[in-house]
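Reviewing the structure listed below.
Every number in this text was worked out from the coordinates using simple rules, so none of it is lab data. Computed from a predicted model, the values in this text were never measured in an experiment. Cβ atoms come from the backbone with ideal geometry, glycine included; neighbour counts cover every protein chain shown.
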């Protein structure tokens, strides 16, 4: 009984509100410092100019989440309804975007939601979330590779693709090798020792389920394919925002800017939503292709606003589900 009460408290509103406040203050501080560095008034005017582009970027974000939800479902032997997958992926992304959870807490919450709403056993849901992170990383690397190759065909390309592909490829290889070496099994044993009994029971057998997923290559192939489409659709946001900011660029350059910016965010995985890393990534990537620093920063701020809208609504939906579940349990 004590363990159950403790596990429920982990999802109580006071925890995520405190985390959201911390993440919000950190995000505001980083963006304010960067705006001061590049000119706050000019950046604010550019952001205001780009606000009408938010509705189409929200549609692009929704399309990305839908494709990412289908990618997650490709890993499951029995696929829940698409709406359940998309909601779980939405909440997972929202928690990672809003809360300071090092991009890991969202997977826990998303797996819990998938188990509750989709009837997926706890270990299966947790294993599929872990495998989806790997598939997403592989798809991200493929997306970056294509982005760099496309951008290298532009006149006066500012780099050689090998200069970025090698470090990203090594990081991806490290992730795959860590899982192959039993990282998930070690985390499972640690969780069983540290987490409340309710969570420990749910995670038991996760490593076995994860190995079963990797033993079915067609599942991983489907996951990587859907995730690749999701990343590619995201490049449209750069095209839309830069056009709205009065600085249209070739679509190949926009594709590369999105790829480099997303990788920079991934390298800052320990920060909530990659605060600071994403902004620096988009500013530097934009400069490579002739986008002024203030325009690139304004684009990144608009992306943050879109993320906040999706994140706040997603976390609110999650908390509403938790509240309903708590009431039903009384």
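Tabulated results
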| quantity | calculated |
| --- | --- |
| Förster-model FRET efficiency, 22 Å R0, residue 305 and residue 284, C-beta, rounded to 0.05 | 0.60 |
| Stretchable slack from residue 208 to residue 58, in nm (0.36 nm times residue separation minus alpha-carbon distance) | 50.2 nm |
| Residue exposure sequence - 251, 72, 90, 218 - by fewest surrounding Cβ within 10 Å | 218, 251, 90, 72 |
